[in-house]
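Novice: Here you go, one structure.
The values are calculated or read from the model by the stated rules, or taken from the named source; none is laboratory data. If you're wondering where the values come from, they're calculated on a predicted model, not measured in any experiment. Here Cβ is always computed from backbone atoms with ideal geometry, including for glycine, and neighbour counts include all displayed protein chains.
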Amino acid sequence: MATRRTFLKLTAAASLAAPSIASAQASGRVVVVGGGFGGATAARTLKALEPKLTVTLVEPNPVFTACPFSNNVLAALREISQQQFGYDGVQKTGVLLAQTAATAVDASGKTVTLGDGSKLPYDRLVLSPGIDINWGALPGYDEAAAEKMPHAWKAGAQTVLLRQQLQAMDDGGLVVISSPANPFRCPPGPYERASLIAYWLKIWKPKSKLLILDSKDTFSKQRLFQNAWAQLYPGLIEWVSLSQGGKVTAVDPASLTVVTDFARHKAAVANIIPPQKAGTIAQKAGVADRTGWCPVEPVAFESTLQPAIHVLGDSAIMGGMPKSAFAANAQAKVCAAAIVELLAGRKPVDPILINTCYSLVSPDYGISVAGVYRPDKGVLADIPGAGGTSPLEVVGGFRGQEALYASSWFKTITTEVFG
Amino acid sequence: MRHRLLLPVLVGALLLTSPVRAVDAGPPGASSCTGCHAAKRIPDSVIPRIAGRKASDIVQFMREYRSGAWPSSVMGRIAKGFDDQQIDAIAAWFAAQPE
């Protein structure tokens with residue numbers, strides 16, 4: 001016993017002393033803000049690639065609620081608890097967890113201010129705060145309005161609220177989904193949501209209708225979605241494009257009215273997916289530009305506005321890559337490897353990244369879009385000839401197979417990031 | 001005093017035999033693959049594991065996905081983003097990962 005105790009003490013001493021001894025290897029302090037698919041992946045990948053780094057993940061919520069598959073919760077195909085993941089697995093990898101909000105960043109002094117006022121110094125900072133709702137961009141839509149007309153674009157209480165409203169709705173009611181202009185989190189998400197709500201309405205409230213009011217003329221996987229709607233939910237879903245007058249210009253939460261330039265739609269349930277911007281801490285750190293999003297270089301995703309701050313995931317402008325959980329995870333692994341190189345005084349090599357997004361049109365009907373990306377002329381650009389959507393015409397169990405791939409992907413990524 | 005002299009030697013020894021071994025990031029593209037083809041074992045996943053598979057098998061699959069000789073859902077679209085050299089490097093890296 002005595003021997004073992006001595007050994008443990010020495011191991012602790014060794015790990016404390018290690019950074020000064022191993023001067024040839026990367027050492028240093030990396031702070032990661034935001035414990036979603038991007039931030040949690042970045043933190044644990046940094047620690048895996050270079051165990052001598054001190055990596056602190058700053059995240060106020062003890063539990064993460066995942067957006068992918070949260071549309072299944074709306075359709076009562078899953079429970080919200082199946083979307084939730086704690087940070088024990090991340091901490092077991094040696095990542096330090098600061099369970100508090102990051103309230104400010106001093107880019108020149110290289111510190112992050114935490115909720116209790118203390119300052120956390122860093123050599124490199126990773127910001128992966130996800131989106132914030134751009135309150136004020138849509139007249140009538142504020143935080144109080146979101147309690148009447150949920151956005152459900154950050155999974156959690158909003159998701160549960162929208163599901164409760166759907167369940168309380170009388171058969172024959174009108175469900176309105178407002179879809180924003182680009183860019184926004186999860187480009188196919190509003191249309192997967194429409195699909196799965198339609199799936200549920202068809203079974204439980206078959207006299208109801210679903211109206212999508214869109215601020216765009218085209219959307220992700222459009223023909224695949226529209227073909228599937230005609231086949232699975234004929235007459236149930238109506239999509240109004242921008243040029244048909246679909247842009248929502250105001251909402252009235254008291255009367256559940258959704259207003260466009262041409263009509264006022266009285267909804268039984270209104271799901272307003274509003275304009276978005278990078279998470280607040282990105283604005284405070286000075287890494288967001290006038291668009292509200294964060295420009296980065298395409299190799300290590302370092303901000304082009306502030307040195308030593310890297311931005312990942314939904315909050316960053318990633319060229320051709322969409323704002324998806326798969327993309328955030330892929331970017332985080334590339335960013336972590338690049339930071340290890342930079343801290344060791346080496347130049348990171350040009351990466352290649354993949355994105356794959358599955359959408360469910362029904363529980364056993366999946367469609368996908370994929371892309372492969374590399375740095376080109378200062379941005380992450382699509383590699384020509386690669387990527388694209390599922391074929392329009394398929395035989396056999398193709399759509400069912402893609403639905404299975406979708407759920408396998410979710411199990412895989414949540415285990416890799418939080419397990 | 002004796003303890004202080006001994007410590008650096010022990011520290012050196014511990015570093016050499018450290019149980020926490022750094023993993024390597026892999027060649028360009030490899031880390032994205034693990035978004036679906038995980039390092040960990042995932043119960044009830046229909047996505048095949050590729051860690052520890054023979055490099056020549058991975059190369060053959062990727063080339064056949066790319067050409068369309070082997071039908072696929074998403075892999076054909078992804079494989080078209082990689083040239084032979086990049087596929088060889090990724091295959092060698094996955095082959096060296098624990099099965």
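Novice: Given the conditions (1) part of a strand (DSSP E or B); (2) farther than 26 Å from residue A:139 by Cα, report the number of the one that residue A:251 does not fulfil.
Specialist: It fails just one condition, (2).
Novice: I want to confirm something. Restricting to the range A:377-402 and keeping residues that are more than 10 Å from chain B (Cβ to nearest Cβ) and in contact (Cβ under 8 Å) with a residue 12 or more places away in the chain, which single residue is farthest from the chain's Cα centre (by Cα)?
Specialist: Per the criteria, the residue is A:392.
Novice: Considering every residue within the range B:80-94, establish whether at least one is buried (at least 17 other Cβ atoms within 10 Å of the Cβ), under 19 Å from residue A:398 (Cβ atoms) and facing chain A (nearest Cβ under 9 Å).
Specialist: Yes; the residues of the range B:80-94 include at least one that is buried (at least 17 other Cβ atoms within 10 Å of the Cβ), under 19 Å from residue A:398 (Cβ atoms) and facing chain A (nearest Cβ under 9 Å).
Novice: In addition: So residue A:188 fits all but one of (1) of a type outside the set (A, V, I, L, M); (2) over 30 Å from residue A:337 (Cβ atoms); (3) under 22 Å from the mean Cα position of the chain (by Cα); what number is the exception?
Specialist: Here residue A:188 clears every test but (2).
Novice: Now a separate question. Got at least one residue in the range A:360-367 being in a loop (DSSP other than H, G, I, E, B), more than 8 Å from chain B (Cβ to nearest Cβ) and either under 22 Å from residue A:71 (Cβ atoms) or at pLDDT 95 or above (or both)?
Specialist: yes
Novice: Output the number of residues of the range A:375-419 satisfying the condition of being in contact with a Pro (Cβ under 7 Å, 6 or more places away or on another chain) and assigned to a strand (DSSP E or B).
Specialist: 3
Novice: Next question, about the same structure. Looking at (1) out of contact with any strand residue (DSSP E or B) (no Cβ under 8 Å at 6 or more places or on another chain); (2) buried (at least 24 other Cβ atoms within 10 Å of the Cβ), which is the one condition that is false for residue A:309?
Specialist: Every condition holds for residue A:309 apart from (1).
Novice: In the range A:309-346, how many residues are away from every other protein chain (no Cβ under 14 Å) and touching a Ser or Thr at 6+ places or on another chain (Cβ under 6 Å)?
Specialist: 2
Novice: Here is a follow-up. Hey, could you check the range A:23-53 for residues that are among the β-branched types (Val, Ile, Thr) and under 11 Å from residue A:97 (Cα atoms) and say which is farthest from the chain's Cα centre (by Cα)?
Specialist: Per the criteria, the residue is A:31.
Novice: A further question follows. Hey, can you tell me all the residues within the range A:266-300 that are surrounded by 17 or more Cβ atoms within 10 Å (Cβ to Cβ) and on the phi > 0 side of the Ramachandran plot?
Specialist: Result: A:292, single match.
Novice: What residue, of B:96, B:91, B:79, B:55, is in contact with a Ser or Thr (Cβ under 9 Å, 6 or more places away or on another chain) and either among the polar types (S, T, N, Q) or more than 22 Å from residue A:390 (Cβ to Cβ) (or both)?
Specialist: Every option except B:91 fails the conditions.
Novice: List the helices (runs of 4 or more DSSP H) inside the range B:37-99, counting only whole elements, that have at least 2 residues being hydroxyl-bearing (Ser, Thr, Tyr).
Specialist: B:55-67
Novice: Okay, moving on. Collect the residues in the range A:262-283 that are out of contact with any Gly (no Cβ under 6 Å at 6 or more places or on another chain) and more than 24 Å from residue A:186 (Cβ to Cβ), keeping them in residue-number order.
Specialist: Correct list: A:263, A:264, A:266.
Novice: Quick one: in the range A:1-44, which of the residues that are within 16 Å of residue A:94 (Cα to Cα), within 13 Å of chain B (Cβ to nearest Cβ) and at pLDDT 95 or above is surrounded by the fewest Cβ atoms within 10 Å (Cβ to Cβ)?
Specialist: Result: A:44.
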